[in-house]
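These notes concern the structure reproduced below.
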Amino acid sequence: QVQLVESGGGLVQPGGSLRLSCAASGRIFSISAMGWYRQAPGKQRELVADITSDDNTSYADSVKGRFTISLDNAKNTVYLQMNSMKPEDTAVYYCNADLIEYTSMDRRNYWGQGTQVTVSS
């Protein structure tokens, strides 16, 4: 089994910054990619940013230039640095991992439990 534990959400004023972390643990052989998604009330879940194990990144147009994703392969931890935040960034943010599990060597996809981010004055 694999667990993804997120941290770092909270309330921030417009223009402020937050840093999200997501640590993957358990029967992990290797991680192919990790990413962050978000879901605002009444909206579909959307990709915010993702990163491969060899540091290829992609971002939603709405966060380019403001958010930065990074991956610590040694710690199996992905980070999302969010700067110049806007009220429209308010959402539940979910961590996602695409990985190979020990023993079975199966490729699987996992989600974290989500962390609330609220941008408001």
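Tell me the relative contact order for the chain as a rounded percent, counting alpha carbon contacts under 8 Å between residues six or more apart.
36
Using the Karplus curve 6.51 cos²θ - 1.76 cosθ + 1.60 with θ = phi - 60°, what ³J(HN,Hα) values do you get for each residue of region 108-116, in whole Hz, with x for Gly and Pro?
For region 108-116, the Karplus curve yields 9, 10, 10, 10, x, 7, x, 9, 7 Hz.
Tally the DSSP beta bridges in the chain and give the antiparallel ones as a percent, rounded to 5.
Once the DSSP bridges in the chain are tallied, antiparallel ones form about 95 percent.
Quick check for you: with a 1.4 Å probe and neighbouring chains kept, what is the accessible area per residue of the chain, in Å²?
Result: 53 Å² of accessible area for each residue.
Quote the charge dipole size of region 55-121 about the Cα centre in Debye, to the nearest 20; the model charges only the Cβ of Lys and Arg (+1) and of Asp and Glu (-1).
In debye, rounded to 20, region 55-121 gives about 120.
Across the Cα atoms of region 1-106, what radius of gyration and what greatest pairwise Cα-Cα distance (Dmax) are found, in Å?
14.1, 46
Per residue of region 2-14, what does 6.51 cos²θ - 1.76 cosθ + 1.60 with θ = phi - 60° give for ³J(HN,Hα)? Whole Hz please, x for Gly and Pro, Karplus curve as stated.
With the stated coefficients, region 2-14 comes to 10, 10, 10, 10, 9, 7, x, x, x, 9, 9, 7, x Hz.
For residue 75, give me every one of the aspartates and glutamates with a C-alpha distance below 20 angstrom, ignoring sequence neighbours fewer than eight places off in its own chain.
6, 50, 54, 55, 98, 101
When we measure straight from the Cα of residue 43, which lysines land under 25 angstrom away, once same-chain ones fewer than 8 places off are left out?
Cα-Cα hits under 25 Å: 64, 86.
Quote the relative contact order of region 1-67 in percent (integer), defining contacts as alpha-carbon pairs under 8 Å separated by 6+ residues.
Value for region 1-67: 21 percent.
Calculate the FRET efficiency for residue 62 and residue 3 from the Cβ-Cβ distance with a Förster distance of 30 Å, rounded to the nearest 0.05.
Rounded to the nearest 0.05, the efficiency is 0.55.
The values are calculated or read from the model by the stated rules, or taken from the named source; none is laboratory data. Since the model is a prediction, treat every value here as computed from it, not as a measurement. Glycine gets a Cβ as well: all are built from the backbone with ideal geometry, and neighbour counts include every protein chain shown. Ligands, DNA and RNA are stripped out before the accessible areas are found, and what is left, the full protein with its side chains, is counted by its heavy atoms. Shrake-Rupley method; radii C 1.70, N 1.55, O 1.52, S 1.80 Å.
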